[in-house]
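What follows is one structure encoded as structure tokens, with my remarks underneath.
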Number of protein chains: 2
Amino acid sequence: MNFDQYLNGLAQKDKRLIARAISIIETESKGHEFLLDKIFHLTGKSYRIGITGPPGAGKSTITNQLAKHLTSFGKMVGIIAVDPTSPFTGGALLGDRVRMSELTNNQNVFIRSMASRGSLGGLNEKASDIADVLDAAGFDFIIFETVGVGQSELEIVQAADTTIVIVVPESGDSIQAMKAGLMEIADVFVMNKSDRPGAEQAVAALKTMLTFRWHDENTWIPEVIKSVGTENRGIKEILDAVFRHQQYLEIKNLLNAKRHDRHIQRIRNIVETKIMSDLWSKIVEEKGESELNPSSPVPPYNLAEKLINDYKKHIRRSEN
Amino acid sequence: MNFDQYLNGLAQKDKRLIARAISIIETESKGHEFLLDKIFHLTGKSYRIGITGPPGAGKSTITNQLAKHLTSFGKMVGIIAVDPTSPFTGGALLGDRVRMSELTNNQNVFIRSMASRGSLGGLNEKASDIADVLDAAGFDFIIFETVGVGQSELEIVQAADTTIVIVVPESGDSIQAMKAGLMEIADVFVMNKSDRPGAEQAVAALKTMLTFRWHDENTWIPEVIKSVGTENRGIKEILDAVFRHQQYLEIKNLLNAKRHDRHIQRIRNIVETKIMSDLWSKIVEEKGESELNPSSPVPPYNLAEKLINDYKKHIRRSEN
């Protein structure tokens, strides 16, 4: 594998090579860590937007329109869509990615779907790694879109600079959003399908709920924007709200702080995965897992200490 | 702290001491690991049931009724309810725990609410630890109930022997459940509020969806039970389905396999937490986190390797 080829491909925004680089990372193929290290110094320039909300709220439509709007003034947009596939079967359930097809011919847009299979946790790391590829290739904006009401919403915040939560007027969506913890992750609320009955009341209710939360003059109070995604209404207003939030983060020096925290968390995760894999393969798998039987007389914390001590002994015995 | 006092308390099913033991574990107070190790040999006897589903489906009501029914034939029931508090504020949103108050005077029922604050992941470990206390105290059944549509549903499966997903006929609940991945985690589906219009069609649709999934003669096909929780209808039928699933797990030797897997995962988690805490405090925190700046010239995987090597050197230098 020739890494320079990939680096050149990214520099030239070659979609085919970008897609292959992403695949290497997504499947954790040989060299993926090296590739991520190689592009590291090129990252940190793109602005990352998370879009989430309940099913049917119009997330794909809004994502679509935001991307079109951004490209209309010359920006490049990467979209990373996380599908709610089963963690148990790996089978995808939704087919609404097809709706995005009108964007696929746009030279300034790159769309990637990601399966969430198998990952309770870890989803945001993978999405962030893929975003880094697009970031290194010079994409100005990266949109993470999660469909479904699974565990991914809360993770996405950790990967995004600004998080948009999309709700619709009917069916107590905003109450559900609140219950699901979406209230606290939103920097911008979008009341989509706002031409429907009850939109004004829903917006008012949402604003009231938001002011009930603790805040002082330094707190960002999420904006509530009305839109009709299918008619391209409110899209500019959503972006303006995103830019105001971006400016807020920059003025308060919170964008750097966010990115610093994300970097530390990333290093922690890599270290954790590597050291656990080393420990488990050296200490547990070599002897078989017989010690780890629930009917073993050794209780769990005691056993854990023992395994760590065995690992330390192993390190002391081994060459430098 | 006198651990024998707690052990005696558990043996005598003293609710006050059980509650205090659980608090020690929930808050990770001094001695919590020792306490969990001490009770380990007493655990593994209770049957663990997970109950989840969208908000408003009637989870608390059903949990209530199941507990009453089980106690009516002399069983002891522990209920662990996980509230969808914000991971950011720690504030609880729902107050429907109060509905359970009629059970609190029942000597054979122990109810504990758990905050999900701060834990993306880790929730099931804590719930399992609390279940172990009740298990050691001789509770026959432990019910985990999660309210909300957050990340907790998928985690609960890992802690439960049988998982019940509760839906209601209206508002496309079963479609939402499917999208959210609840389809694959359910061992028993409950169509609650089945006196409402559309219940028959919803049950039929659910059954059709379930048969579409891959299965052979050894696969457990989730049962679909109709109930009206508020009128105590269908409760016995739900329990019968749970017992059939339990029997299936036992005949196929899957219950032991599940518990073995959970035990291994538990040990892994303890080891991971301990070794990362050790590494981070010895290698990163002592030097400050300046190396972990996102604008550092050292890329992430390279840095992770370096930190692990520093840790190994530290271990080699240190006393046995």
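Just so it is clear, none of the values below were taken in a lab; they were calculated from the coordinates. Everything quoted here is computed from the prediction, not taken from an experiment. No Cβ is skipped: glycine too gets one built from the backbone with ideal geometry, and neighbour counts run over all protein chains shown.
Overview of results
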read-out	value
Estimated distance in nm for a label pair at B:Glu250 and B:Asp216, the labels positioned 7 Å out from Cα along Cα-to-Cβ	2.6 nm
Shape call, chain A: gyration tensor on alpha carbons, a/c limit 1.5	prolate
Cα→Cβ-extended label distance, 7 Å offset, between B:Thr208 and A:Ser113, nm	2.3 nm
Copies compared at B:Asn2 - label distances in nm, ascending, label defined 7 Å from Cα in the Cβ direction	7.8
Net dipole in debye of region B:1-41 [+1 Lys, Arg Cβ; -1 Asp, Glu Cβ; about Cα centre; nearest 20]	220 debye
9 Å beta-carbon shell around A:Ile51, net charge (K/R +1, D/E -1)	0
Within straight-line cross-link reach of A:Lys68, aspartates and glutamates at Cα separation under 17 Å, skipping those fewer than 8 residues along the same chain	A:Glu102, A:Asp140, A:Glu145, A:Glu231, A:Glu237, A:Asp240
Whichever lysines have a C-alpha closer than 18 Å to that of B:Lys287, once near sequence neighbours (fewer than 8 apart) are set aside	B:Lys306, B:Lys312, B:Lys313
Ranked list, fewest to most other Cβ atoms within 10 Å of each Cβ, for A:His41, B:His263, A:His32	A:His41, A:His32, B:His263
Under 17 Å from A:Lys30, Cα to Cα: lysines that are on another chain or at least 8 residues apart	A:Lys38, A:Lys126, A:Lys274
Ascending list, in nanometres, of distances separating the B:Glu231 label from those of the other copies (7 Å, Cα toward Cβ)	4.4
Cβ-based exposure ranking for B:Ile79, B:Ile22, in which fewest neighbours within 10 Å come first	B:Ile22, B:Ile79
Net charge of Cβ neighbours under 14 Å - reference B:Leu255; Lys, Arg +1; Asp, Glu -1	+3
Label point 7 Å beyond Cα along the C-beta direction, distances from B:Glu200 to other copies (nm, shortest first)	4.3
Alpha-carbon centroid distance for the pair region B:252-269 / region A:300-320, whole angstrom	23 Å
Residues A:Glu285, A:Glu291, sorted so that the one with the fewest Cβ neighbours within 10 Å comes first	A:Glu285, A:Glu291
Given charges at beta-carbon only (K, R positive; D, E negative), |dipole| of chain A in Debye	380 debye
Cα centroid separation, region A:204-240 to region A:15-59 (Å)	28 Å
Of B:Lys13/B:Lys75; A:Lys258/A:Lys282; B:Lys13/B:Lys193, those spanning more than 25 Å from alpha-carbon to alpha-carbon	A:Lys258/A:Lys282; B:Lys13/B:Lys193
